[in-house]
Amino acid sequence: MRPLQKHAIRPLAMPARATRRDWVGLAVIALPCALYAMDLTVLDLALPAISADLRPSNIELLWIVDIYGFLVAGSLITMGTLGDRVGHRRVLLIGGAAFGVASVVAAFATSPGILIAARAVLGIAGATFAPSTLSLIRNMFEDPDERSIAISVWATSYSAGGAAGPSLGGFLLAHFWWGSVFLAGIPLLLALLVVGPGVLPEFRDHRAGRIDVPSAALSLAATLPIVLGLKTIAQSGAGPLSLVAILIGASLGVAFVRRQRALREPLIDFGLLRVRPLVAPLAIYALGTFVAFGSFLYVTQYMQLVLGLDPWRAGLWTAPFAVAFLVGSLVSPHLARRASPADVMAAGFALAAIGFGLLTRVATIPSLGLLVTGFVVYSLGLAPMFTLINDMIVAAAPPQRAGTISAISETGSEFGGALGIAVLGSLGTAAYGSAFAAESLPRTLPLVAAVCAVLVIVMGVMAMTSLRHVRVQHGASS
């Protein structure tokens, strides 16, 4: 019998370290994420020129603006599950190619109908980005420290894209025609399509069956009316149309859930939502986007309607927000190694509450400096939540189901953002008549900021009580 050699047996396998190819792949992954956020913010600046050229009706103009976000929200679950089944790299590259083609069609649209159709395709293609990229990160970065850094880069890319949209769009509109705003992201897509196949590995669940097409249709049919109802509330307050739309969507959502429970291979395995490390992070993530989207709307409107900044200058003044989010996202994984993620998030929420507290002062001190300071402080405080929560969600998900879980979390985020705009917008409308009139915004913003301050304090308590036990070790949560 041969004696055991020293060090022949390792008691615990260490997670593989990322290679240079993986880090290059992360840079490629960040490109579509930045483009997705940029496309959300760049259109508003081009609307006057689009209206003058294509002369859309009021209804057509609303669909030009809203169809993109509607179809992103409605397609996320399908695209995340599709990636689990056929491969996340394949879905991401196909989505990127479709996004590029639709961008060109939108840029040269000659009628409102063509532009609406192009924006619809952009929404469906854009829905491939978040679940595919998060799933690739989950499988490319096994080491928990490296994965935390990768997710912080992923989260920052959205902030960078959103901040770059207004300033880049303003520059393009000052020198070119309105369609140029849709072509701004083509270089990013070309980089994704050229470099991506060589640096991004393929991951999929080889045991998964076919996608249930009726389930995919039901998920879209349930999501669209709810988002439509929330948008209607944000624009004109609660009314019969918005309430009926939300009721229809909720009814279809119940039908969707029942169908999933009856299928042997459902589109979504709701048993995943009973995994303890997933429930609380998903709830906090949705509430965090509720606060972030609702408050961002008022800050940018305040810059233009009260302080008199043009869209380009207002866009430039959102750059400090992006920088603060970048710093908070990159620093939070390092802080979470010294303290628990719950402690880091709770401290961030406390800082965000201070930022919102500063914004309550703009009613009496209409100062750009005070506004930007409050804006930067609360974004710095919210950044750890977006990074650490996504790290928890991705780590807790089984690798072969990472696309499905990522899609669920991003769908919750989309609903949280839409609900934030609707509820906080309605709150301002109910309090002061016209939430976006210049004379009412100085009072409406401190009302909204106070509500957000309370909510982030609640989120801090949730993090301390429900996430205290969550630790990310070797790619799993316990």
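The values are calculated or read from the model by the stated rules, or taken from the named source; none is laboratory data. Computed from a predicted structure; not experimentally measured. FYI the Cβ positions are ideal-geometry reconstructions off the backbone, even for glycines, and counts take in every protein chain you see.
Residue under question is Asp53, and the condition is that it be out of contact with any helix residue (DSSP H, G or I) (no Cβ under 6 Å at 6 or more places or on another chain) and either modelled with pLDDT of 80 or more or assigned to a loop (DSSP other than H, G, I, E, B) (or both); does it hold?
Yes.
Look at region 51-70 and say how many of its residues are in contact (Cβ under 8 Å) with a residue 60 or more places away in the chain and surrounded by 22 or more Cβ atoms within 10 Å (Cβ to Cβ).
Residues in region 51-70 being in contact (Cβ under 8 Å) with a residue 60 or more places away in the chain and surrounded by 22 or more Cβ atoms within 10 Å (Cβ to Cβ): 1 in total.
Condition check ((1) under 28 Å from Ala52 (Cα atoms); (2) part of a helix (DSSP H, G or I); (3) in contact (Cβ under 8 Å) with a residue 60 or more places away in the chain) across all residues:
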{"site": "Ala102", "(1), (2), (3)": "yes, yes, no"}
{"site": "Leu115", "(1), (2), (3)": "yes, yes, yes"}
{"site": "Ala130", "(1), (2), (3)": "no, yes, yes"}
{"site": "Gly169", "(1), (2), (3)": "yes, yes, yes"}
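Quick one: is Gly328 assigned to a helix (DSSP H, G or I), surrounded by fewer than 16 Cβ atoms within 10 Å (Cβ to Cβ) and modelled with pLDDT of 80 or more?
So Gly328 fails the test.
Which ones in region 307-325 are among the β-branched types (Val, Ile, Thr) and buried (at least 19 other Cβ atoms within 10 Å of the Cβ)?
Thr318
The conditions are (1) farther than 23 Å from Tyr158 by Cα; (2) assigned to a helix (DSSP H, G or I), and Ile365 fails exactly one of them. Which is it?
Single failed check for Ile365: (2).
Residues of region 233-245 being surrounded by 20 or more Cβ atoms within 10 Å (Cβ to Cβ), modelled with pLDDT of 75 or more and not polar (S, T, N, Q), which ones?
Ala245
Any residue at all in region 289-299 that's in a helix (DSSP H, G or I) and more than 18 Å from the chain's Cα centre (by Cα)?
Yes, region 289-299 contains at least one residue that is in a helix (DSSP H, G or I) and more than 18 Å from the chain's Cα centre (by Cα).
Return yes when Arg210 is at negative phi and in contact with an Asp or Glu (Cβ under 7 Å, 6 or more places away or on another chain) and no when it is not.
Considered against the rule, which asks whether it is at negative phi and in contact with an Asp or Glu (Cβ under 7 Å, 6 or more places away or on another chain), Arg210 comes out as no.
For region 359-378, which residues satisfy the criterion of being touching a residue at least 60 places away in the same chain (Cβ under 8 Å) and either touching a helix residue (DSSP H, G or I) at 6+ places or on another chain (Cβ under 7 Å) or farther than 27 Å from Gly308 by Cβ (or both)?
Within region 359-378, Leu359, Thr360, Arg361, Val362, Ala363, Pro366, Leu371, Gly374, Phe375, Tyr378 meet the criteria.
From the list Phe176, Phe171, exactly one residue is surrounded by fewer than 21 Cβ atoms within 10 Å (Cβ to Cβ), under 24 Å from Ala324 (Cα atoms) and not assigned by TED's automatic domain parsing to the domain that holds Ala314. Which is it?
Phe171
Out of all the residues in region 171-205, which are in contact with a Ser or Thr (Cβ under 9 Å, 6 or more places away or on another chain), in contact (Cβ under 8 Å) with a residue 24 or more places away in the chain, closer than 18 Å to Ala37 by Cα and assigned to a helix (DSSP H, G or I)?
Phe182, Leu183, Ile186, Leu189 - these are the residues of region 171-205 that are in contact with a Ser or Thr (Cβ under 9 Å, 6 or more places away or on another chain), in contact (Cβ under 8 Å) with a residue 24 or more places away in the chain, closer than 18 Å to Ala37 by Cα and assigned to a helix (DSSP H, G or I).
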